[in-house]
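S.K.: A single structure is presented below for examination.
The values are calculated or read from the model by the stated rules, or taken from the named source; none is laboratory data. Keep in mind the model is a prediction, meaning the values are calculated, not measured. Because the Cβ atoms are built from the backbone with ideal geometry, glycine has one as well, and the counts that use them run over all protein chains shown.
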Amino acid sequence: MDEISAVRDLYGNPPLDPFLQSRVRVRLDQEMGARGEGRRRSPWKAVAAGLAVVAAVATVTVAVPELSARLDASRDTTATASLTGKDVLLRIADQAESTPETTGEYWHVREFGHYTFGKQLGEGANKYWVEASELREHWTTRDGESWVGERKLGVVPKTPADLEAWRRDGSPSQWDRTMEPKLVEHLSLAPDKGALTQMRRGEVSYRPDGKYMVTGGDPKVDFLIAGRELTYAQVRALPEDPAALTAWVRETLGRTTDPSAREYHLAITLSQTLVLDVPAPPKVRAAAYRALAGLPNVRYVGDARDEQGRAGVEFSIVESQDGNVTNLIIDPRTGQVLSAEETVRDKGEPVLGKTRTTTYLEVGWTGVEPQVPDIPAGYPPKLS
């Protein structure tokens, strides 16, 4: 058996039928203190979780992770112990190159993100942290028109101690917090109405409530790579040779990026932008992974599962100056990024509000027109 088949066998075949049973109830994890909290362990334990995993050739599609159902991303680093990180990335490149593209009018990315809000809420001895979650979707046509759909899914107290402090604070359901002089953040336990915005080049202005408006401008914004706008034709014509692609990204980053962080952003561009944000052809995606395999700041962690329970392999990208880290979980069968955990540090400590986990629910071409994201099952959660 060759190594590609070995990697496939490690993860098995994804389920083809969606598991639609969805009953959500949030309760405290009373045993957390006894067990200890892992790097990726959620403070909330799912009593019942609804998952829908749809296998596709070039598009990854799964259900939104219900807030109470963020799965522990358990890791087994022994299964692929015989393979080096470079070996695994090269095999992922082969899979990405052989995975055919889907068809459709829009390049579409649907993602679920959650993060700790950057300021404590409450008063006096009743202060607490909350975790916010949101859905975002991006649609871009081949001629460069782009839309963003957003829906905030609400906040919940982050830990059992935060939940108790929230109760002592009177169990409020809404908050307003000033984050910057012109930015007021509205928080709520309930999802908002959502919004769909067509992106334009133009003036950006902030309203008193912190919402931004873009006035005027050309609706064709094209595709953005390392701060550089490319047309669809230019994206499709990117280098298929790993060395040439690396040189092109380095040259592009040199226009906009601090030199001290350039190697970090090089790895991020190769591993995320070129395989998620833009419709790069399979050979270019493969070149990106092959280039990534040769970078010294990319470290192989081992086998992992994302918050949806999907199996993959995990890599860590480290910025040497500030210690910022991005952990990626990649499906070795398709070369698709399943999730990204970005940890922003200040003097070695994670910065709350800037450290977030993103799960990629759909990536690929679609014929479904832009729309406000639906509220998924289980929102708002019950805080019992």
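S.K.: I'd like the residue in the range 316-336 that is of a type in the set (D, E, K, R) and touching a helix residue (DSSP H, G or I) at 6+ places or on another chain (Cβ under 7 Å) and, out of all such residues, is modelled with the highest pLDDT.
M.R.: Here is the first cut: in the range 316-336, the ones of a type in the set (D, E, K, R) are 319, 322, 331, 333.
Then keep just the ones that are touching a helix residue (DSSP H, G or I) at 6+ places or on another chain (Cβ under 7 Å); that gives 319, 333.
On the way: Glu319: 84, Arg333: 93.
Per the criteria, the residue is Arg333.
S.K.: Give me the residue from the range 349-379 that is under 16 Å from Val130 (Cβ atoms) and in contact with a Phe, Trp or Tyr (Cβ under 9 Å, 6 or more places away or on another chain) and, out of that set, surrounded by the most Cβ atoms within 10 Å (Cβ to Cβ).
M.R.: The residue in question is Thr357.
S.K.: Just one of Asp94, Asp143 is assigned to a helix (DSSP H, G or I) and either charged (D, E, K, R) or surrounded by fewer than 17 Cβ atoms within 10 Å (Cβ to Cβ) (or both); which is it?
M.R.: Asp94
S.K.: So which of Leu153, Leu163 ends up being over 20 Å from Leu276 (Cα atoms) and assigned to a helix (DSSP H, G or I)?
M.R.: Details: Leu153 fails: assigned to a helix (DSSP H, G or I).
Only one candidate qualifies: Leu163.
S.K.: Taking the range 330-372 only, how many residues are of a type in the set (Lys, Arg) and assigned to a strand (DSSP E or B)?
M.R.: Number of matching residues: 2.
S.K.: Another one. Only one of these conditions is not met by Ile268: (1) farther than 19 Å from Thr359 by Cα; (2) under 18 Å from the mean Cα position of the chain (by Cα). Which number is it?
M.R.: In the conditions (1) farther than 19 Å from Thr359 by Cα; (2) under 18 Å from the mean Cα position of the chain (by Cα), Ile268 misses (1) alone.
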